[in-house]
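Engineer: My structure is below; once you've seen it, I'll send some questions.
Every number here is computed from the coordinates shown, using simple stated rules; none is lab data. What you are looking at is a predicted structure, and each value in this text was computed from that prediction instead of being measured. A quick note on method: Cβ atoms are made from the backbone with ideal geometry, for glycine too, and the neighbour counts reach across all protein chains shown.
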Amino acid sequence: MKVLLVNGSPNEKGCTNRALGETAKALNEAGIETDVFWIGSKPIAGCIACNKCAGSGSCALGGIVNDFSKSAESADGFIFGSPVYYAAATGSLTSFLDRVFFARKPDTFRLKPGASIVSARRAGTTAALDQLNKYFTVAEMPVISSRYWNMVHGKSPEEVEKDVEGLYTMRVLGQNMAWFLKCKEAGEKAGIKPPEPEDPEITNHIRYG
């Protein structure tokens with residue numbers, strides 16, 4: 001089993017990476033393979049609502065979004081990490097996730113566990129967590145929690161190192177993700193099948209006549 005950890009920071013080896021590394025270590029100790037996908041520091045265009053992807057898993061704008069989507073198909077779980085910019089995830093990660101989730105194939109994320117982690121010098125963390133968790137709940141993904149909100153504090157990786165509670169929270173998150181994946185695997189081996197997906201009912205919030 002493999003968990004794909006996404007580093008949504010423009011700083012590859014910064015605070016977000018340190019937090020993800022602590023979670024990855026706990027996953028590895030529990031026998032779960034991990035891979036880190038860095039979205040880079042180059043600008044990422046947002047979704048332009050062209051609808052050309054149509055659930056194909058391939059965004060018409062191409063680039064790093066499609067590279068990730070290919071890797072995501074074989075992953076069993078996901079953790080998305082971001083520094084906090086103005087009480088939200090980074091603009092590049094937001095654009096990235098908007099396109100990834102809009103273009104997704106039906107089974108890329110469905111019933112696969114997801115979690116988000118954020119890093120901040122001081123505040124804005126819970127708002128950013130709320131934003132990121134919404135991607136999971138629109139894609140039928142079980143949301144994995146820790147014993148506190150998934151955040152670390154510090155202006156540098158060295159300062160994050162001193163946030164002992166934050167790093168503890170990251171480890172518990174990894175342990176909980178590993179436990180869930182093993183339970184899911186055990187259930188599948190026991191013959192417990194996932195619910196059959198229904199055809200979606202799409203409505204607009206408009207009253208006619």
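Engineer: Once Lys and Arg get +1 and Asp and Glu get -1 on their Cβ, which of I32, P194, L93 lies farthest toward the positive end of the dipole of the chain?
Structural biologist: So the residue we want is L93.
Engineer: Something else: Please state the charge dipole magnitude for region 2-189, taken about the Cα centre, from unit charges on C-beta atoms (+1 on K and R, -1 on D and E), reported in debye and rounded to the nearest 20.
Structural biologist: Here region 2-189 has a charge dipole of around 280 debye.
Engineer: In addition: Taking the alpha-carbon set of the chain, what are its Rg and Dmax in Å?
Structural biologist: 17.3, 62
Engineer: Here's a follow-up. Count neighbours as other Cβ atoms within 10 Å of each site's Cβ, and list the trypsin sites (Lys or Arg not before Pro) in region 1-45 that are DSSP loop with at most 13 such neighbours.
Structural biologist: Those satisfying the criteria are K13.
Engineer: Taking square-rooted eigenvalues a ≥ b ≥ c of the alpha carbon gyration tensor, is region 160-209 rounded, prolate or oblate, where a/c under 1.5 means rounded and, failing that, a/b exceeding b/c means prolate?
Structural biologist: Oblate is the answer for region 160-209, as a/c is 1.5 or above yet b/c matches or exceeds a/b.
Engineer: Pick out which of E196, E33, E165 has the largest mean-square fluctuation in a Gaussian network model of the chain, springs linking Cα atoms closer than 10 Å.
Structural biologist: Checking each option, the largest mean-square fluctuation is seen for E196.
Engineer: Follow-up. Kyte-Doolittle cut-off 1.6, length cut-off 27 Å along the helix's own axis using Cα: show which whole DSSP H helices in the chain pass.
Structural biologist: Details: long enough: 164-189 (38 Å, -0.20).
Qualifying helices: none.
Engineer: While we're here: Please list, in order, the residues from region 97-121 whose amide nitrogen is less than 15 Å from a point placed 7 Å along the Cα→Cβ vector of I192.
Structural biologist: Once the point is set 7 Å along Cα→Cβ of I192, 111-113 turn out to lie under 15 Å by backbone N, inside region 97-121.
Engineer: How do the peptides 51-63, 139-151 rank, highest first, by the average count of neighbouring beta carbon atoms within 10 Å per residue?
Structural biologist: Peptide ranking by packing, descending: 139-151, 51-63.
Engineer: Once you've got the GNM for the chain with C-alpha springs shorter than 10 Å, pick whichever of D163, D199, D130 has the biggest mean-square fluctuation.
Structural biologist: Most flexible of the set in this elastic network: D199.
Engineer: Right, here's the next one. Summarise the long-distance tail of P(r) for region 95-196 by giving the % of C-alpha pairs beyond 20 Å.
Structural biologist: 49 percent
Engineer: For region 174-209, which chymotrypsin sites (Phe, Trp or Tyr not before Pro) are in a loop by DSSP, counting at most 11 other Cβ atoms within 10 Å?
Structural biologist: Listed in order of number, the matching sites are Y208.
Engineer: How long is the gain from C183 to A87 if the chain were fully straight, where each residue apart is worth 0.36 nm and the alpha carbon distance is subtracted?
Structural biologist: Additional length available on full extension: 31.1 nm.
Engineer: Distance cut-off 21 Å, Cα to Cα: go down the list K2/K70; K25/K105; K25/K162; K2/K184; K2/K189 and report the pairs above it.
Structural biologist: K25/K105
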